[in-house]
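In what follows, a structure is listed as structure tokens, so that the remarks can point back to it.
Every number here is computed from the coordinates shown, using simple stated rules; none is lab data. Predicted model, so just to flag it, every value in this text is computed and none were measured. As a convention, Cβ positions derive from the backbone with ideal geometry for all residues, glycine included, and neighbour counts pool all protein chains shown.
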Amino acid sequence: MILMVNCSYKSKESNTQFYLEKLKEKVGEGEILSLKQIFKNDIDGFVEHLKHADALVIGAPLYVDGLPAQAVKLLELLYENHRGEFPNLPVYVVSNLGFYEAKQIKHLVDIVRNWCLKMGCTYGGGLAVGAGPMAPCIQKIPFEKILNKDIWRGLSTLATTIQKKETMENYYTKTLIPRIVYLKAAHRNFDKYF
């Protein structure tokens with residue numbers, strides 16, 4: 001079973017949820033939990049769930065060049081209380097941000113990679129999506145598959161890597177909408193623009 005954790009504060013209405021759902025479709029299985037669910041319910045129940053998982057996918061938006069504070073809190077709790085309990089568990093990242101350039105997510109994936117080293121888990125790689133809010137918004141237009149083709153390729157690459165329990169290099173991508181159009185759409189509020 002693939003366990004996916006949505007670390008966005010917006011939970012189900014978030015861009016992170018959108019990307020996790022698309023990944024789940026491509027992997028063919030998985031359970032998506034929000035951090036709200038994990039902290040609201042018993043964290044020990046989550047830990048037991050994690051012990052039986054085939055892989056963990058951390059889905060997170062970029063907040064101030066890193067993970068949201070709530071996600072950091074979860075990683076710290078796992079490190080302090082459960083270090084070494086998930087040997088060789090493959091951990092993957094799906095992250096997005098409002099900026100156009102996906103490379104800004106590098107620090108976020110480095111945080112997860114370092115956490116994996118300290119936990120005894122295997123960092124499996126990640127997908128970093130720049131201009132993250134655009135992909136869900138442009139699904140309604142006819143040529144969306146062309147504009148988002150590299151994002152879908154990245155999700156497919158990550159899904160195949162997860163299915164095979166392998167590792168991959170981080171995949172940095174964005175929608176193929178020109179930067180100037182993206183910025184104009186961002187200033188006009190994406191949903192009203194498309």
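Checking Trp152 against (1) under 22 Å from Phe18 (Cα atoms); (2) touching a strand residue (DSSP E or B) at 6+ places or on another chain (Cβ under 9 Å), which single condition isn't satisfied?
(2)
From the list Val94, Val112, exactly one residue is surrounded by 19 or more Cβ atoms within 10 Å (Cβ to Cβ), touching a residue at least 40 places away in the same chain (Cβ under 8 Å) and either out of contact with any helix residue (DSSP H, G or I) (no Cβ under 7 Å at 6 or more places or on another chain) or among the small types (Gly, Ala, Ser) (or both). Which is it? Don't jump to the end; show me each part of the working.
Values: Val94 fails: either out of contact with any helix residue (DSSP H, G or I) (no Cβ under 7 Å at 6 or more places or on another chain) or among the small types (Gly, Ala, Ser) (or both).
Going through Val94, Val112 in turn, just one is surrounded by 19 or more Cβ atoms within 10 Å (Cβ to Cβ), touching a residue at least 40 places away in the same chain (Cβ under 8 Å) and either out of contact with any helix residue (DSSP H, G or I) (no Cβ under 7 Å at 6 or more places or on another chain) or among the small types (Gly, Ala, Ser) (or both): Val112.
Which of the residues spanning segment 19-54 are surrounded by fewer than 20 Cβ atoms within 10 Å (Cβ to Cβ), in contact (Cβ under 8 Å) with a residue 24 or more places away in the chain and over 16 Å from Tyr92 (Cβ atoms)?
Within segment 19-54, Lys36, Phe39, Ile43, Val47, His49, Lys51, His52 qualify.
Filter segment 65-84 for residues that are surrounded by fewer than 17 Cβ atoms within 10 Å (Cβ to Cβ) and in a helix (DSSP H, G or I) and give the result.
Ala69, Val72, Lys73, Glu76, Leu77, Tyr79, Glu80, Asn81, His82
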